[in-house]
Amino acid sequence: GNFRGEYPAPRRRNVVLSECRLRPDLPVFCLLGALRGYKGVSLALETALAGSERIQLIVAGGPLSGFPTAEVETKCASMGNVCFIPRVLTEQEFSDLGSACDAFLLPYDQITTSGVMNAALTLGRGVICSNLPYFTESLQEFPDCGRIAIENTAEEFLVAISEYLNIP
């Protein structure tokens, strides 16, 4: 399954990145969709911090009840390589942000299915995922669509990102 035809055509990458105050010459990863505790936003931020000279991150979506929005916003404000948009995205914004990134970052603690993974692949973007059965099974047949971080650590996500960026 995919969402082909559901998203509007994205705007130009350099325009979107400029609005996010991100550099067009560095790889960009995104974590989009409803912001929930199990989606690993803290790990995504740790990864962006550890790779601050090499990668950039967009975290965007509507925070659900209990999500530490103020804490994440404060942390992101001190990081020059992260754009945080804590609100529900329009279809145009999702298309713009998803298409402006090199891959979606999915550092989840748990998962059974993922509409965000399908959206990423629909937009022609790969995924960097946690080592969870749904993700590993999904990527097993199509390994060039993404990479799995062996452990849920910033270091392992940076290894997976590096491997992904080296796919021809």
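For segment 30-50, filtered to residues that are among the charged types (D, E, K, R) and assigned to a helix (DSSP H, G or I), the residue that is modelled with the highest pLDDT is Glu46. The number of residues in segment 93-103 being modelled with pLDDT under 95 and either of a type in the set (Phe, Trp, Tyr) or open to solvent by 30 Å² or more (accessible area, probe 1.4 Å) (or both) comes to 1.
In this entry, Ala44 is excluded by the filter for residues that are of a type in the set (Gly, Ala, Ser), surrounded by fewer than 19 Cβ atoms within 10 Å (Cβ to Cβ) and in contact (Cβ under 8 Å) with a residue 12 or more places away in the chain.
For segment 117-139, give me the residue count where each residue is in a strand (DSSP E or B) and of a type in the set (Gly, Ala, Ser). It would help to see each step written out before you state the result.
The first filter runs over segment 117-139 and keeps only residues in a strand (DSSP E or B), leaving 126-130.
Of the ones still in play, those that are also of a type in the set (Gly, Ala, Ser) are 126, 130.
Within segment 117-139, residues that are in a strand (DSSP E or B) and of a type in the set (Gly, Ala, Ser) number 2.
Remark: pairs (first residue in segment 101-120, closer than 20 Å to Leu89 by Cα and without any contact (Cβ under 8 Å) to a residue 12 or more places away in the chain; second residue among the aliphatic types (A, V, I, L, M) and buried (at least 20 other Cβ atoms within 10 Å of the Cβ); Cβ separation under 6 Å; 6+ apart in sequence or on different chains) are absent.
Residues in segment 68-79 that are open to solvent by 70 Å² or more (accessible area, probe 1.4 Å) and not hydrophobic (A, V, I, L, M, F, W, C): Glu71, Glu73, Thr74, Lys75, Ser78.
Can you find even one residue in segment 106-124 that is among the small types (Gly, Ala, Ser), open to solvent by 20 Å² or more (accessible area, probe 1.4 Å) and closer than 16 Å to Arg13 by Cα? The answer is yes; a qualifying residue exists.
Restricting to segment 1-29, name every residue that is open to solvent by less than 60 Å² (accessible area, probe 1.4 Å), assigned to a loop (DSSP other than H, G, I, E, B) and in contact with a strand residue (DSSP E or B) (Cβ under 9 Å, 6 or more places away or on another chain).
Filtering segment 1-29 down to residues open to solvent by less than 60 Å² (accessible area, probe 1.4 Å) leaves 8, 15-17, 20, 22, 26-29.
In the following step, the residues that additionally are assigned to a loop (DSSP other than H, G, I, E, B) were identified as 8, 20, 22, 26-27.
If the condition is that a residue be open to solvent by less than 60 Å² (accessible area, probe 1.4 Å), assigned to a loop (DSSP other than H, G, I, E, B) and in contact with a strand residue (DSSP E or B) (Cβ under 9 Å, 6 or more places away or on another chain), then Cys20, Leu22, Leu26, Pro27 are the ones that fit.
The values are calculated or read from the model by the stated rules, or taken from the named source; none is laboratory data. What you see is a predicted model, and the numbers here were worked out from it, not measured in a lab. Heads up, the Cβs are rebuilt from the backbone with ideal geometry, glycines too, and the neighbour counts pull from every protein chain shown. Quick note on the areas: whole protein, heavy atoms, side chains included, nothing else; ligands and nucleic acids left out. Shrake-Rupley method; radii C 1.70, N 1.55, O 1.52, S 1.80 Å.
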